[in-house]
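Values quoted throughout were computed directly from the atomic coordinates according to the rules given, and no laboratory measurement underlies them. Values in this document were obtained by computation on a predicted structure and should not be read as measured data. Ideal geometry is used to build each Cβ from the backbone, glycine not excepted, and the neighbour counts take in all protein chains shown.
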Amino acid sequence: MTKHTITRQTSTILGDGYGCSCGTRLVHRMAAELHAAEQQLCSACLGTVEEEVAPGVARECSACAGTGRRREQLIWQLAHAEAEQVITMALVRGVVADFDGPFHLSEVADTVRDGLGLPGGRLPVGPRVRDLLLELQANGEIAMLSAPDELLDATANVVLYRDPQWQRTGTLGL
Ligand SMILES: [Zn+2]
Ligand SMILES: [Zn+2]
């Protein structure tokens with residue numbers, strides 16, 4: 001079986017492109033994604049198991065859970081869709097209403113996971129809960145109290161929050 005390792009090749013005559021160790025030249029991102037999918041590789045990280053969150057900063061690919069495989073990517077995609085249906089705004093708002101003081105993302109995620117009786121790792125509970133909390137934040141219902149854990153790119157002001165903390169604006173005593 002031929003091993004397919006897709007790598008990015010910058011500053012070629014045609015501009016940025018990709019190449020595969022099987023000899024296939026992939027002129028743009030779409031071609032690289034198609035080739036990856038055909039070879040059962042994750043189309044997000046092209047089988048590299050890493051995603052670039054900021055220039056020069058990589059972390060485990062979230063699309064395929066760091067496996068680099070297409071199968072895991074598809075399973076995880078379904079899981080994301082299921083999480084969106086099961087974990088609703090009403091559910092998260094109800095959990096948040098029980099916190100009088102500050103709360104962490106992980107605390108809300110754990111409460112939701114326990115409440116639904118979900119085994120750990122079955123659904124991407126954390127990312128879904130984070131999205132809904134950010135929506136509540138945008139609505140002005142909660143306010144983020146955390147300072148960023150890491151500065152990824154000072155010039156672009158990209159920061160990373162690992163387990164951010166919020167508080168309901170009604171309990172802030174303003
Ligand atoms: Zn190939
Ligand atoms: Zn991937």
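Rounded, prolate or oblate: which fits the stretch 43-107, taking a ≥ b ≥ c as square roots of the Cα gyration tensor eigenvalues, rounded meaning a/c under 1.5, else prolate when a/b beats b/c? It comes out oblate by the Cα gyration axes.
Label sites at Gln85 and Leu116, each approximated as a point 7 angstrom past Cα along Cα to Cβ, lie 1.1 nm apart. For the chain, take the alpha-carbon Rg, divide it by the Kirkwood Rh, and send me Rg/Rh. Looking at the chain, the ratio lands at 1.07. Using the rule -39500 (n - 2.57) for each DSSP H run of four or more residues, divided by the residues of the chain, the 222 nm mean residue ellipticity is -11000 deg cm²/dmol.
Charge dipole (Cα centre; +1 on Lys/Arg Cβ, -1 on Asp/Glu Cβ; no other charges) of the chain amounts to roughly 640 debye. GNM on the chain, C-alpha springs below 10 Å: top fluctuator among Met30, Met144, Met89? With Cα springs under 10 Å in the chain, the top fluctuation among Met30, Met144, Met89 is at Met30. Tell me which trypsin sites (Lys or Arg not before Pro) from the stretch 56-142 have a DSSP coil assignment and no more than 13 other beta carbons within 10 Å of their own. Qualifying residues, ordered by number: Arg122.
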